[in-house]
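This report refers to the structure that appears directly beneath it.
We did not get these values from a lab; they are worked out from the coordinates using the rules stated. Remember, it's a predicted structure, so these values are computed and weren't measured experimentally. Using ideal geometry, Cβ is built from the backbone for each residue, glycine included, and neighbour counts are taken over all protein chains shown.
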Amino acid sequence: EPEVTQTPSHQVTQMGQEVILRCVPISNHLYFYWYRQILGQKVEFLVSFYNNEISEKSEIFDDQFSVERPDGSNFTLKIRSTKLEDSAMYFCATRPYAGGGTGELFFGEGSRLTVL
Amino acid sequence: DAKTTQPPSMDCAEGRAANLPCNHSTISGNEYVYWYRQIHSQGPQYIIHGLKNNETNEMASLIITEDRKSSTLILPHATLRDTAVYYCIVRPGSNYKLTFGKGTLLTVNP
């Protein structure tokens, strides 16, 4: 069964460092999302992305965050200068198209970011 | 988005049916009811969704009341691997973004 692949599975970084989290979406999926989950808390929406543009972003997704598809396949989330409060599990999710199907989002297994 | 209310936790015996309730009394006519689950901090997994009619797939059944103000997810024969947090989410038809609540922690006991 096709799946969304995320790397790294776990990253430890120092506060202030830049981090890039990568996601390989399911082939032919066109819509991409990042969510995060701080330990013990809810899964929170960060951003949605379609046709090389941000479709929607949450208040969490400030200027320190950016997303792109640098090579037309990988979908990345960059945090420019990490803070302690960025420590969380980051989930990539994708879906194939706007109409039809179940409308489900396919989630990756997540990248755990630990900021020291 | 319509708000959902779920019990924080439930227990179920292995092999028995698990019935997880969800209240969404402010749901609008074009909003779908989706259920996802999250097993031990893994990525959320889609289970089932519905608009008005009851739905069934290989994983579960979804019963939506006639007034659409509540629904019940049914796992017909729960196994230990079904232990997870189950999220009931109301999603507008035009926006595929999901807004997660705290969900229900279902513990399936041997």
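What is the ratio of the Cα radius of gyration of chain A to 2.2 N^0.38 Å, with N the residue count, to two decimals?
1.01
What are the extents of the Cα atoms of chain B along their three principal axes, in Å, largest first?
40, 28, 23
Could you run the Karplus curve 6.51 cos²θ - 1.76 cosθ + 1.60 with θ = phi - 60° over region A:28-38 and give me ³J(HN,Hα) per residue in whole Hz, x for Gly and Pro?
Per residue, the Karplus-derived 3J(HN,Hα) values read 6, 7, 10, 10, 10, 9, 10, 10, 9, 9, 6 Hz.
Ignoring solvent entirely, what values of log10 I(q)/I(0) come out of the Debye formula for region B:1-62 at 0.16 Å⁻¹ when each Cα is a single scatterer?
Scattering profile of region B:1-62, log10 relative to I(0): -0.64.
Put a dot 7 Å past each Cα toward the Cβ at B:Thr72 and A:Gln64; how far apart are the dots in nm?
Those two pseudo-labels are separated by 4.6 nm.
Can you list the residues of region A:49-75 with backbone N under 19 Å from a point 7 Å past the Cα of A:Gln41, pointing along Cα to Cβ?
Within reach of a label on A:Gln41: A:57-66.
Enumerate by residue number the GluC sites (Glu not before Pro) in region B:54-93 meeting two conditions: DSSP loop (anything except H, G, I, E, B), and at most 16 other Cβ atoms within 10 Å of the site's Cβ.
Of the GluC sites (Glu not before Pro), the ones in loops of region B:54-93 whose Cβ has at most 16 other Cβ atoms within 10 Å are B:Glu58, B:Glu66.
Give me a single rounded figure for B:93-106: the average over its residues of other chain Cβ atoms within 10 Å of their Cβ.
That average works out to 4.
Please compute, over every Cα-Cα pair in the protein assembly as shown, the percentage with a separation greater than 29 angstrom.
Result: 28 percent of Cα pairs exceed 29 Å.
Under the rule that an exposed site lies in a DSSP loop and has at most 15 other Cβ atoms within 10 Å, name the longest stretch of chain B with no trypsin sites (Lys or Arg not before Pro) of that kind, not counting the sites themselves.
B:17-51
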